[in-house]
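To start, the structure itself, in structure tokens.
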Amino acid sequence: MTTAPFPAGTILGYPRIGRRRELKRAVEAHWAGKIDETELERQAAAVRRATRERLAALGLGRTDSAIPESFSYYDQVLDAAVAVGALPERFADLRDADGTIGLPAYFTAARGEGERAPLEMTKWFDTNYHYLVPEIGPETTFALSTDRFARQVAEARADGVTVRPVIVGPVTLLALAKPTDAAPEGFDPLTRLDDLLPVYVELLASLRAAGAQWVQLDEPALVSESLPASPAALAAAAATAYRVLGDEADRPAIVVAAGYAQLSAEAWTALAASPVEAIAIDLHRGAQPPAVDGLAAKTLVGGVIDGRNIWRGDLDAAWGRLDALRTLGAAAVAAGTSTSLQHVPHDVDDEPHLDPHLASWLAFADEKVGQVVTLATGLDGGRDAIGVELDAASAALADRRSAPGVRDGAVRARAAALTPADYRRGSADEREAVQRETLGLPVLPTTTIGSFPQTGDIRRARARHASGEGTAAEYEEFLRDEIRRVVRLQEDLDLDVLVHGEAERNDMVQYFAEHLDGFAVTVNGWVQSYGSRATRPSILWGDVSRPAPITVGWSTFAQSLTGKHVKGMLTGPVTILAWSFVRDDQPLGETADQVALALRDEIADLEAAGIRIVQVDEPALRELLPLTQAQQPAYLDWSVGSFRLATAAAAPGTQVHTHLCYSEFAVVIDAIAALDADVTSIEAARSRGEVIADIRTSGFSRGIGPGVYDIHSPRVPSVDEIAGLLQRAVDELPLGQVWVNPDCGLKTRGYDETVASLRNLVAATRAIREQL
Ligand code: GLN
Ligand code: ZN
């Protein structure tokens, strides 16, 4: 056991995709067979080295474990599952002869291959990051199955850096797992804790042997009230886990990191009583915990710098919270971030096009490292030692408060005049009757979720346009060609409700952000979404309004090409907020209503232009749900309210669709029903239609399209497979309610697999219709 002190300032993790998404390119080149495993490992090592050097240059110590090693090829939960050998049986043959799980098994578990389904993917707590869901059953054999973590420690040491490896802890790993197919009904993976811990013991010993002085075990499950296991059960598991791991002599010092929200009172008490050396808590979302027994021998890492948003914020207040932490009687207090910085882009200095005012209000990962270093200096030398930095941050904050555009009188007046009636549509049954009459749709209508594959051509054309090459007219004509192609394809496939394909959008938010006042967009502000995928969240900094129609031109052009209905395609207010970095100076609900009013105007313009079906996507509704139950009703109130404000002015004959990207339907069923959409499409294929039972028992009575094609994988579902899922929906739900669609948009897929899959989707629908 080492007794090296915990560093005075650190971050809980750093973006791992590389400043220019180097890791994405390397991994995708490897998947495409362009570079071999050795070359991939070499490029990944270069990304890790660049990160360490950058963090050292920003002021984190090279030898005091201040630099975290939070690299991942795909996902940190998969990394932990792989390290302890917890991959389900269907990947067993991909292991090396000695049982080691190498990259082939790792990537196959992440992505699937042929008939071999990947691990399910779902959102990481209330963020837009997706992790892979481990599958653990009574039959899972835990065994240390890779030395990757230890190798990374050794690699850093060879460069003269003592890193602090970051690994998902045993409680969170089990709490996020789902039972394997082989497990009996009601099996709880957490019951495997005692079998899992010896492998963590071995893992920690291997890190120690490689030279780690500290290890960070991430246990965000301990802040959540939204997991199957109760906070009390999770705290009890943590008490066991950290007694066992802590009592072991041959290990690095342990910091348990519980970011993302307030650590539960039970878990706080349990961790304080355990023999771990440090606890990192979220003091951005969470309040200061009470004094408890056991702190005198521990370091408390105060996560006062927000790891999930990009505002420079009130550094003086952060200092105050950190300083207050010293009253709890811990052996030491250190400055930290509230979560890993994997949720924010690298560097504000990489954004030369941002307005300098706005830029001065921001802190991305690198600037946040600077803030942590500043606070650490203050812990050592007192407030006076950092007075200049605190004052500069306060001045930026004052500038932000009074800057033009942050408050817009017209927007505020309109919001202030809203009444409850503005949030209500007419009777849903009457709407259904009018729409049945006027839209002329067949039983089991087929449709897609909006986007079609984004080919290299589309990406290049958009990039050329973004960099100012070519004329606006050329770009417009390119997009029209694309729409012509996509509409023709959908007619050939004989889909019932068509879309324009969204070729003008790189993601769901940026296009809207570019066309709304109050937003800014970045050039290099990439944030990992899942695996090799990254998004570039926009920055919502001021009052939002719509200077001109946004999507009407594309939708009406598509409609002009076909006799079938074209769905207008909008992103809902909650999702626009969730996938942007949002101003933190007013309640989210106020900001959401501003966005909703802009969308309301857009829907009115779509209707006026003859569009009869409008989809307002809200895939993020579930994701923003607060982890703490007490905060959930208020959240659902404003989030559902903003959707309704956006859609309530639609005429009864206009069919309002919404789309949600997940299958935990039961959790938010009341909210989904309260959205009062006419048709809702959700993800279901990846969980093999499990959600259909939830829909039935919930009594949800509007149109519903449980996805029948998993678009997260290149796999083409067969006609039989789709027909099976559809049959299940038709058996369990009223026929008139069921729609047929993929799980989500098709933009990340290639054309070959998309066309083949949609062909099968239509064929399966016909087959089921014929049997009716
Ligand atoms: N309309 C969007 C698309 O098809 C929806 C995507 C999503 O829900 N993530 O791409
Ligand atoms: Zn989706």
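Readers should treat all values here as calculations from the given coordinates under stated rules, not as data from a laboratory. Here the structure is a predicted model, which means the values were calculated and not measured. As a convention, Cβ positions derive from the backbone with ideal geometry for all residues, glycine included, and neighbour counts pool all protein chains shown.
General remarks:
- Alpha-carbon radius of gyration plus Dmax, which is the widest Cα pair, for the chain in Å: 25.9, 79
- Cα centre as origin, Lys/Arg/Asp/Glu Cβ charges: the range 568-648 dipole, Debye: 200 debye
- Residues LEU203, LEU397 arranged by fewest to most Cβ contacts within 10 Å: LEU397, LEU203
- Relative to the dominant Cα principal axis of the chain, helix 428-439 is inclined by about 50°.
- When the Cα positions of VAL582, PRO118, THR180 are compared along the charge dipole of the chain, VAL582 comes out farthest toward the positive end, with charges on each C-beta of Lys, Arg, Asp and Glu.
- Taking Cα centre as origin and charging only the Cβ of basic (Lys, Arg, +1) and acidic (Asp, Glu, -1) residues, the dipole magnitude of the range 603-656 rounds to 120 debye.
- Cα gyration tensor shape of the range 56-140, rounded if a/c is under 1.5, else prolate or oblate by comparing a/b with b/c: prolate
- Across the range 559-656, C-alpha contacts under 8 Å between residues 6 or more apart give a mean separation that, scaled by the residue count, equals a relative contact order of 43 percent.
- Taking LYS567, LYS747, LYS178 and counting other C-beta atoms within 10 Å, the order from fewest to most: LYS178, LYS747, LYS567
- Ordering ALA403, ALA413, LEU379 by Cα displacement along the dipole of the range 379-436 toward the positive end leaves ALA413 in first place; charges were set at the Cβ atoms of Lys, Arg (+1) and Asp, Glu (-1).
- Here the spin labels are modelled as points 7 Å beyond Cα on the Cα-Cβ line, and at ALA29 and ARG424 they lie 6.1 nm apart.
- This ranking places THR38, THR180, THR100 by how few other beta-carbon atoms lie within 10 Å of each, fewest first, which gives THR38, THR100, THR180.
- Basic side chains Lys and Arg get +1 at the Cβ, acidic Asp and Glu get -1 at the Cβ, and with that the dipole of the range 106-208 about its Cα centre reaches some 520 debye.
- Given 11 as the ceiling on other Cβ atoms within 10 Å, longest exposed-site-free region of the chain for GluC sites (Glu not before Pro) in DSSP loops: 470-772
- Equivalent ellipsoid semi-axes - Cα gyration tensor, the range 404-549, angstrom: 30, 29, 15
- Aspartates and glutamates whose Cα lies under 19 Å from that of LYS298, excluding same-chain neighbours fewer than 8 positions away: ASP64, ASP218, GLU219, ASP247, GLU248, ASP250, GLU266, GLU277, ASP282, ASP323, ASP380
- Pairs from the list LYS123/LYS567; LYS123/LYS178; LYS24/LYS368 with a Cα-Cα gap above 20 Å: LYS123/LYS567; LYS24/LYS368.
- Sum of side-chain charges, TYR129 neighbourhood, beta-carbon under 12 Å (Lys, Arg +1; Asp, Glu -1): +1
- Of all beta bridges that DSSP places with both ends in the chain, some 15 percent have antiparallel geometry.
- Taking label positions 7 Å along the Cα-Cβ direction at both ARG533 and ASP314, the computed distance is 3.7 nm, reported to one decimal.
- A cut-off of 5 Å between modelled amide H atoms, ignoring neighbours fewer than 5 places along the same chain, links ILE136 with LYS178, THR180.
- Helical runs assigned H by DSSP (4 residues or longer) give the chain a calculated mean residue ellipticity at 222 nm of -13000 deg cm²/dmol, each run adding -39500 (n - 2.57) before division by the residue total.
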